[in-house]
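FYI, it's all coordinate maths here, none of it is from the lab. Worth saying up front: this structure is predicted, and the values here are computed from it rather than measured. All Cβ positions, glycine included, derive from the backbone under ideal geometry; neighbour counts span all protein chains shown.
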């Protein structure tokens, strides 16, 4: 048997999921209420409200405070397990309840995520089940929450960005006319102040597939020759949200654009404000051209950098989701992509992202004018 879950899209009720309750038997009437989708209140909603342009704000990274502590990793002292997923990127933690971290613990968490790029926390049912008001409070500690201009969100909580796909529906920004839907990106890099520490978790997931891959943009940069890196530091590039907006305006994803799309210029190599590490800051999804170069020159350099990001498995980590997993990454020094390899199974992949904005990207080359 299946149950149909619905969501309002611009005033029209649509089917967005058919979640299987039992593969081989009918649920008894008294069981139906218990078997309703636990996270139906977090399914995508697309309001038609229009938002004004984002205005600049002063961001203070909480990781700065952790630098002055005697032990900036004290929040991990009592955990069951801490495992580096790869030497360059990713740490998995078991035995820590993120929802119970105090302010000092959150400061330490921000610093550790900046240093490791990605941190995976298992067994976080308490965190996930606290709901969208808690998500908003959690994310606000790390920066001003970004409200996505085109994505779905839970009713009443536009700060919670949702991803959703099943056999019949998708409300994601995906390419369906390419040989692969895998596209490396740093979230909404077209904003003047793109995100920093980002929190993401799945509420429903396929039994197999639907992984997320991450790459370290610190490591991708470090693999290039010093002479080439020195040249890249002198460059800046345009990041654009126009294509994403046009995707929604075409009727896909929910058909809503709540804030006019923007383009902004960012350094090709940025410096992290807390760790001081330099990271490559271009991505195939949102970077469009290098300022000041002729079209062929820009396309050649960007294609080389995109291919380098795609192919550098030694800089990457692949996350296999398990129920009640929460992942945090630093959007300034990593890129990622979902793996859409489960479409034919009919299973749902439903996730929520909490996306605090950070500072305007700091050029690695001092004095570079943006």
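If the elastic network links every pair of Cα atoms under 10 Å, which of 249, 165, 349 fluctuates the most in the Gaussian network model of the chain?
It is 249.
Could you list 68, 140, 219 so that the one with the fewest beta carbons within 10 Å of its beta carbon is first and the one with the most is last?
Values: 68 8, 140 13, 219 22.
By the 10 Å Cβ count, ascending: 68, 140, 219.
Using a 10 Å cut-off around each Cβ, can you sort 207, 320 from fewest to most neighbouring Cβ atoms?
207, 320
What number, rounded to the nearest 500 deg cm²/dmol, is the helix-based mean residue ellipticity at 222 nm of the chain, given -39500 (n - 2.57) per DSSP H run of at least four residues and division by all its residues?
-5500 deg cm²/dmol
Among 270, 130, 252, which one moves the most in a GNM of the chain with springs linking Cα atoms closer than 10 Å?
Fluctuation is largest for 130.
Any idea what angle helix 295-311 forms with the longest principal axis of the chain, computed on alpha-carbon atoms, 0 to 90 degrees, nearest 10?
Helix 295-311 sits at roughly 60 degrees to that axis.
Taking the Kirkwood radius as the inverse of the mean 1/r across Cα pairs, report the Rg/Rh of the stretch 244-363.
So for the stretch 244-363, dividing Rg by the Kirkwood Rh gives 0.97.
Test of understanding: ordering 321, 329, 184 by Cβ neighbours within 10 Å, fewest first, what list do you get?
With the fewest neighbours first, 321, 329, 184 line up as 321, 184, 329.
Rounded, prolate or oblate: which fits the stretch 179-282, taking a ≥ b ≥ c as square roots of the Cα gyration tensor eigenvalues, rounded meaning a/c under 1.5, else prolate when a/b beats b/c?
Taking the square roots of the gyration eigenvalues as a ≥ b ≥ c, the stretch 179-282 is oblate.
From the Cα gyration tensor of the stretch 268-331, with a ≥ b ≥ c the square roots of its eigenvalues, which class applies: rounded if a/c is under 1.5, or else prolate if a/b is larger than b/c, or else oblate?
Since a/c reaches 1.5 and a/b is larger than b/c, the shape of the stretch 268-331 is classed as prolate.
In a Gaussian network model over the chain where Cα atoms closer than 10 Å are linked, find which of 56, 206, 70 has the largest mean-square fluctuation.
Taking springs between Cα atoms under 10 Å, the residue moving most is 70.
To two decimal places, what compactness ratio does the stretch 43-363 give when its Cα radius of gyration is scaled by 2.2 N^0.38 Å? Mind dumping the intermediate values first?
On the way: Rg = 18.7 Å, N = 321, 2.2 N^0.38 = 19.7 Å.
The reported ratio for this selection is 0.95.
Calculate how large, on average over all directions, the projected area of the Cα convex hull of the stretch 88-206 is; give the answer in nm² to one decimal.
9.3
How big is the stretch 25-153 in terms of Cα radius of gyration and Dmax, in angstroms?
18.9, 59
P(r) tail for the stretch 175-225, what percent of Cα pairs lie past 14 Å? Could you put the intermediate results ahead of the total?
On the way: 925 of 1275 pairs.
Everything past 14 Å amounts to 73 percent.
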